[in-house]
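Engineer: One structure, pasted below without further comment.
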Amino acid sequence: MEHAIADMERRRYEAMRQADIAVLREVLDDLLVYAHSNSATDDKESYLAKVEAGYFRYETISIEEQSILVLSDVALLRGRMRARGLLNGSPLTLDNRFLAVVRNSAGQWRLLSYQPTPATT
């Protein structure tokens, strides 16, 4: 299961970098709650609309120190995400620790919730 979850996360981060709405629509749960490091939040449709509009543009994304804890049809992911790009046209550099919740829905792992916190070390 951990392998399938890690594959889904790789697809999601690459889709974020490529602004690939079709893949994001597949890997994001319909009940998504996506919090951002600036405390803004999005549901699935508002997040996809922002990606499609170019509000988020990622040049690089790297994931470090990721761990996965599977609890039946739900899993918790913890790690560190670093990214560079543009946020609404302004330069963006992220260095966040995160907690993500994914769930298995109809045989596919999808992101249900994401909560980053700016890293201090």
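Engineer: Based on this model, can you work out whether residue 95 counts as under 23 Å from residue 7 (Cβ atoms) and in a strand (DSSP E or B)?
Structural biologist: Taking the combined requirement at face value, the residue does not satisfy it.
Engineer: Looking for whichever is among the aliphatic types (A, V, I, L, M), in a helix (DSSP H, G or I) and crowded, with 16+ Cβ neighbours inside 10 Å here; the options are 51, 33. Which one fits?
Structural biologist: Result of the check over 51, 33: 51.
Engineer: Do we have residue 113 as surrounded by 14 or more Cβ atoms within 10 Å (Cβ to Cβ) and assigned to a loop (DSSP other than H, G, I, E, B) here?
Structural biologist: no
Engineer: Could you tell me which residue of the range 54-78 is nearest to the chain's Cα centre (by Cα), considering only residues that are closer than 25 Å to residue 106 by Cβ and surrounded by fewer than 13 Cβ atoms within 10 Å (Cβ to Cβ)?
Structural biologist: Residue satisfying both the conditions and the ranking: 69.
Engineer: Inspect the range 83-90 for any residue being part of a strand (DSSP E or B), more than 19 Å from residue 47 (Cβ to Cβ) and at pLDDT below 95 and give the result as yes or no.
Structural biologist: no
Engineer: Please verify whether the range 60-76 includes one or more residues that are β-branched (Val, Ile, Thr), in a helix (DSSP H, G or I) and in contact (Cβ under 8 Å) with a residue 24 or more places away in the chain.
Structural biologist: No; the residues of the range 60-76 include none that is β-branched (Val, Ile, Thr), in a helix (DSSP H, G or I) and in contact (Cβ under 8 Å) with a residue 24 or more places away in the chain.
Engineer: Counting only residues that are in a helix (DSSP H, G or I) and among the small types (Gly, Ala, Ser), which one in the range 1-20 is farthest from residue 92 (Cα to Cα)?
Structural biologist: Of everything passing the filter in the range 1-20, 4 is farthest from residue 92 (Cα to Cα).
Engineer: Going by the conditions given, is residue 23 surrounded by 17 or more Cβ atoms within 10 Å (Cβ to Cβ), free of Cβ contacts under 8 Å to residues at least 40 places away in the same chain, out of contact with any His (no Cβ under 8 Å at 6 or more places or on another chain) and not in a strand (DSSP E or B)?
Structural biologist: Taking the combined requirement at face value, the residue does not satisfy it.
The values are calculated or read from the model by the stated rules, or taken from the named source; none is laboratory data. It should be emphasised that the depicted structure is a prediction, and the values quoted were computed from it without experimental measurement. Backbone-built Cβ (ideal geometry, glycine too); neighbour counts: all protein chains shown.
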